[in-house]
Amino acid sequence: MTAAQYTALMAGRRGAQPAPASAVPQKKARKQATKKAAPAHPGLPSTPPAPTVEPLLAMVPNAGRHWTLLMPYAEAMLTSNDRHPNWRVEHRIRKGLRADATSLIVPMRVPRLERAAIFFVLHPRSLKRSRDPLNWSPTVKAYVDGLVTPNPKQPKERHLLPDDDAEHLLGPYPVIGEPVASGLARMSLVIVEVTEPLTSGNAETVTGTAG
């Protein structure tokens, strides 16, 4: 008696029924059905409408000049919900975002300022669900780093501001903008010059309210 014949004999004595031939394919089919479908392609990149800056300027104490930067289209941005497989992936994305911001300094003629307020305007995809622009704060941090410190290897060489601390920078503040017609979400930065010092001793300059 072979091993296979013995196994079949014992199974028959226990009353076990052999699995039908179709059981395995059905199991595989169920597993395939439970797999998430690949996300639909978002389409070609598009240019969103420029954000309306007047309401933003009204929120900034002692506002001066302002600039609006539409950030370059990025296939990957950083959000607080990201779970990257390792730190190298996140580092590569952050490095690219910094470089994108630095690349706009010269063509947009953004001068060196003493103080500024920054608003980041998220242009989301046209999906019917709520959006929280604060989730994109890691992307904005990379953008601000690229504007303030264009060369990370020489951190003492600054461009936009002497530093991105509370004495020189208000914000960045989140704003929801018009959605993109196609492609992935995009972001605009509105940079507003602040003409008076930002100090904790002067509540009016920091918060817009006195006393």
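The values are calculated or read from the model by the stated rules, or taken from the named source; none is laboratory data. Model, not experiment: these values are computed from the prediction. Here Cβ is always computed from backbone atoms with ideal geometry, including for glycine, and neighbour counts include all displayed protein chains.
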| said: Report every pair of residues separated by at least 6 positions or lying on different chains whose Cβ atoms are under 6 Å apart, first residue within the stretch 104-124 and closer than 11 Å to Leu69 by Cβ and modelled with pLDDT under 95, second aromatic (Phe, Trp, Tyr) and not in a loop (DSSP other than H, G, I, E, B). | reply: Val110/Trp67
| task | Please determine, by comparing only the residues of the stretch 132-155 that are touching a residue at least 60 places away in the same chain (Cβ under 8 Å) and hydroxyl-bearing (Ser, Thr, Tyr), which one is nearest to His91 (Cα to Cα). | result | Thr139
| request: Might you check whether a residue that is more than 30 Å from Pro197 (Cβ to Cβ) and touching a Pro at 6+ places or on another chain (Cβ under 6 Å) occurs anywhere in the stretch 93-104? | output: yes
| field | Residues satisfying the stated conditions in the stretch 160-178, i.e. in contact (Cβ under 8 Å) with a residue 60 or more places away in the chain and either of a type in the set (Phe, Trp, Tyr) or more than 29 Å from Arg125 (Cβ to Cβ) (or both) | value | Tyr173
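Okay, residues lined up against (1) among the polar types (S, T, N, Q); (2) in a loop (DSSP other than H, G, I, E, B); (3) under 26 Å from Gly43 (Cβ atoms):
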| site | (1), (2), (3) |
| --- | --- |
| Phe120 | no, no, yes |
| Lys128 | no, yes, yes |
| Arg131 | no, yes, yes |
| Tyr143 | no, no, yes |
| Leu147 | no, no, no |
| Pro162 | no, yes, no |
| Taking interchain pairs and intrachain pairs at least six residues apart, which have beta carbon atoms under 6 angstrom, with the first residue in the stretch 186-210 and surrounded by 13 or more Cβ atoms within 10 Å (Cβ to Cβ) and at pLDDT 50 or above and the second basic (Lys, Arg) and in a loop (DSSP other than H, G, I, E, B)? | Val194/Arg115; Leu198/Arg115
| Name the residues in the stretch 154-174 that are modelled with pLDDT of 95 or more and aliphatic (A, V, I, L, M), would you? | Leu160, Leu161, Leu169, Leu170
| request: Could you look through the stretch 92-108, keep only residues that are surrounded by fewer than 17 Cβ atoms within 10 Å (Cβ to Cβ) and among the aliphatic types (A, V, I, L, M), and pick out the one that is nearest to Ile118 (Cα to Cα)? | output: Met108
